[in-house]
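These notes concern the structure reproduced below.
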Amino acid sequence: MVLLSVSNLKKYFPLQKSFIERVISRRKQYVKAVDGISFIIREGEVFSLVGESGCGKTTTGRLIVRLETPDSGKIVFDGKDITFAKEKELRPLRRKMQIIFQDPYASLNPRMTIGDAIAEPLIIHGIADKREAREKALEMLVNVGLTPPELFYKAYPHQLSGGQRQRVVIARAMILKPKFIVADEPVSMIDVSLRASILKLLMKFKKDFNLTMLFITHDLAVARLISDVVAVMYLGKIVEIAPVDELVENPLHPYTKALLSSVPTIVPQMKREKIILKGDVPNPINPPSGCRLHPRCPLAIERCSKEEPKLKYVGNNHYVACHLL
Ligand SMILES: Nc1ncnc2c1ncn2[C@@H]1O[C@H](COP(=O)(O)OP(=O)(O)OP(=O)(O)O)[C@@H](O)[C@H]1O
Ligand SMILES: [Mg+2]
């Protein structure tokens, strides 16, 4: 069953101009952060969004949990169109969808104990009274591996390591038993040695709670560990979507091939040619015409600069947006 469906979603941010720039040109400019993306996430699935910095991953995640309002397009979650839902309509949904941010240091109130931080959502949503909330928070501390729970309950964020804090953030999100979680680079700021254990924790919740997840990462090797399906993003567009093994073994988009070529743990298994892209990611204010990758793509043909490729189905639940196919 489809839990989330996103179609042709767009979000442009107006560019802040200096006074002089405004005098010279009155034309408003926009950062095309998310520029018409479509995908579905099935219940119980981990769907990863992978791409370089600035390609629009976080914006996509924030749009889906409606921390941001889209410019256009459609978001249907659990059978309900939430694209432009008002805050009041979103309240009951907030219980079902949670977001975990990249920075476990910024996500916790420094003056609140760990236990109270985990219990708080239960009280805010009127699900439990103070005593029940405390008990549930203690249980959740055990669940995320922070034992003895009584000790951690009384601790403050500054007394914990980055990895422990991220466990608290996960506990706080999971205490509401959400159906769906957006995890935005949840391990990128954590010590490398602790990353696997945090991913394992997320996978445990996936299994025990039948959790559905949008997992955001710039790292294909991480996505490979945790995902069922991977979507590759480039400059506000999705260029390829496929089940994770299919994507790694049979990447079709030159950009996906380039990303894979730069992952040392995946490279030795690659039977195909390596692709190295020219230059840097262009500016999302004036993205290239046609296929946004064309100025950097070693395989580009004339059509690529003129016509934008659409996502096409190529079999095996695999979609690609490239004129060369
Ligand atoms: N609130 C905002 N106002 C203006 N521009 C924004 C805003 N949020 C994001 N952007 C811009 O939109 C583009 C996409 O940003 P986004 O944070 O979604 O990328 P990302 O893929 O998550 O990058 P990273 O890997 O660095 O986290 C960037 O160019 C960014 O500067
Ligand atoms: Mg981001």
Rounded to whole angstroms and listed largest first, the alpha-carbon spread of the chain along its three principal axes comes to 67, 54, 38
Over the chain, the sum of -39500 (n - 2.57) across DSSP H runs of at least four, divided by residue number and rounded to 500 deg cm²/dmol, gives at 222 nm -9500 deg cm²/dmol
Under the 7 Å Cα-to-Cβ spin-label approximation, Ser305 and Leu151 lie apart by a distance in nanometres of 6.5 nm
Taking N as the number of residues in region 181-325, the ratio of its alpha carbon radius of gyration to 2.2 N^0.38 Å works out to 1.12
Given pairs Lys200/Lys257; Lys237/Lys306; Lys207/Lys237; Lys130/Lys154; Lys74/Lys237; Lys96/Lys130 and cut-off 19 Å on Cα-Cα distance, the over-length ones are Lys200/Lys257; Lys207/Lys237; Lys96/Lys130
Placing +1 on each Lys and Arg Cβ and -1 on each Asp and Glu Cβ in the chain, then taking the dipole about the Cα centre, the residue among Asn316, Val144, Phe77 whose Cα reaches farthest towards the positive end is Phe77
Region 199-325 accessible area per residue, 1.4 Å probe, protein heavy atoms, integer Å², reads 47 Å²
Per the C-alpha gyration tensor (a ≥ b ≥ c, the square roots of its eigenvalues), region 65-196 is rounded if a/c is under 1.5, else prolate if a/b beats b/c, else oblate; here it's oblate
Gyration tensor (Cα only) of region 83-155 to equivalent ellipsoid, semi-axes in Å sorted down, yields 25, 16, 11
Region 55-95: spread of alpha-carbon positions along the three principal axes, whole Å, largest first, is 30, 18, 16
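So with the 1.4 Å probe, I'd like the accessible area per residue for region 75-137, rounded to whole Å².
Working: 3650 Å² over 63 residues.
Here the per-residue accessible area is 58 Å².
On the protein heavy atoms, probe 1.4 angstrom, tell me the percent of accessible surface of region 65-198 carried by carbon and sulfur. Present the calculation step by step, with values, prior to reporting the outcome.
Details: 3480 of 6650 Å².
After summing per-atom areas, the C and S share lands at 52 percent.
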Mean-square fluctuation maximum in Gaussian network of the chain, Cα pairs under 10 Å, restricted to Thr59, Thr113, Thr83, hits Thr113
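Determine the dipole magnitude for the chain: charges of +1 sit on the beta-carbon of Lys and Arg, -1 on that of Asp and Glu, nothing else is charged, the reference point is the Cα centre, and the result goes in debye to the nearest 20.
Working: 49 positive and 34 negative charges, 149 e Å.
Here the size comes out at about 720 debye.
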Amide H proximity to Tyr30 below 5 Å, modelled H, separation 5+ or other chain, gives Leu15
Sequence order, region 134-144: Karplus ³J(HN,Hα) from phi using 6.51 cos²θ - 1.76 cosθ + 1.60, θ = phi - 60°, Hz rounded, Gly and Pro as x, gives 4, 5, 5, 5, 4, 4, 5, 4, 5, 4, 9
When every protein chain stays in place and a 1.4 Å probe is rolled, Met189, Met97, Met1 sorted by accessible area with the largest first are Met1, Met189, Met97
Rounded to the nearest 10 Å², the 1.4 Å probe accessible area of Met112 is 50 Å²
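At 1.4 Å probe size, with every protein chain present, just tell me what the per residue accessible area of region 9-50 comes to in Å². Could the numbers behind the result be given before it?
Working: 2530 Å² over 42 residues.
I get 60 Å² per residue for region 9-50.
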Projected onto the charge dipole of region 171-239 (unit charges on the beta-carbon of Lys, Arg, Asp and Glu, signs +1, +1, -1, -1), the Cα from Leu194, Thr212, Val239 with the largest positive-side position is that of Thr212
Checked region 1-126 with the C-alpha gyration tensor, a ≥ b ≥ c its square-rooted eigenvalues, rounded below a/c of 1.5, otherwise prolate if a/b is larger than b/c and oblate if not; verdict oblate
Phi-derived 3J(HN,Hα) across region 252-262 with the Karplus relation (6.51, -1.76, 1.60, θ = phi - 60°), rounded Hz, x for Gly and Pro, is 10, 7, x, 5, 5, 4, 5, 4, 5, 4, 9
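Quick check for me: using +1 on Lys/Arg Cβ and -1 on Asp/Glu Cβ, what's the dipole size of region 49-161 about its Cα centre, in debye to the nearest 20? Don't jump to the answer; show the numbers that get you there.
Numbers: 17 positive and 15 negative charges, 53 e Å.
Computed about the Cα centre, the dipole is about 260 debye.
Relative contact order (percent) for region 1-134, with alpha-carbon contacts under 8 angstrom and 6 or more residues of separation?
Details: 152 pairs, mean separation 32.6, N = 134.
Here the relative contact order equals 24 percent.
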In whole Hz, the Karplus estimates of ³J(HN,Hα) for region 152-163 (6.51, -1.76, 1.60; θ = phi - 60°; x where Gly or Pro) are 5, 4, 7, 6, 10, x, 5, 7, 10, 7, x, x
Scattering profile of region 1-68 from the Debye formula, Cα beads only, expressed as log10 I(q)/I(0) at q = 0.14, 0.17, 0.28 Å⁻¹, is -0.54, -0.71, -1.28
Rounded to two decimals, the Debye log10 I(q)/I(0) of region 76-119 (Cα scatterers, no solvent) at q = 0.13, 0.22, 0.26, 0.29 Å⁻¹ is -0.46, -0.86, -0.95, -1.03
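Remind me, what semi-axes does region 139-255 give for its equivalent ellipsoid, largest first in whole Å, using sqrt of 5 times each Cα gyration tensor eigenvalue? Before the final figure, lay out the partial values.
Numbers: eigenvalues 187, 44, 27 Å².
They are 31, 15, 12 Å, listed largest first.
The values are calculated or read from the model by the stated rules, or taken from the named source; none is laboratory data. These numbers come from a predicted model, not from an experiment. Positions of Cβ are generated from backbone atoms using ideal geometry, with glycine treated the same way; all protein chains shown enter the neighbour counts. Keep in mind that these areas ignore ligands, DNA and RNA; they rest on the heavy atoms of the full protein, side chains included. Shrake-Rupley method; radii C 1.70, N 1.55, O 1.52, S 1.80 Å.
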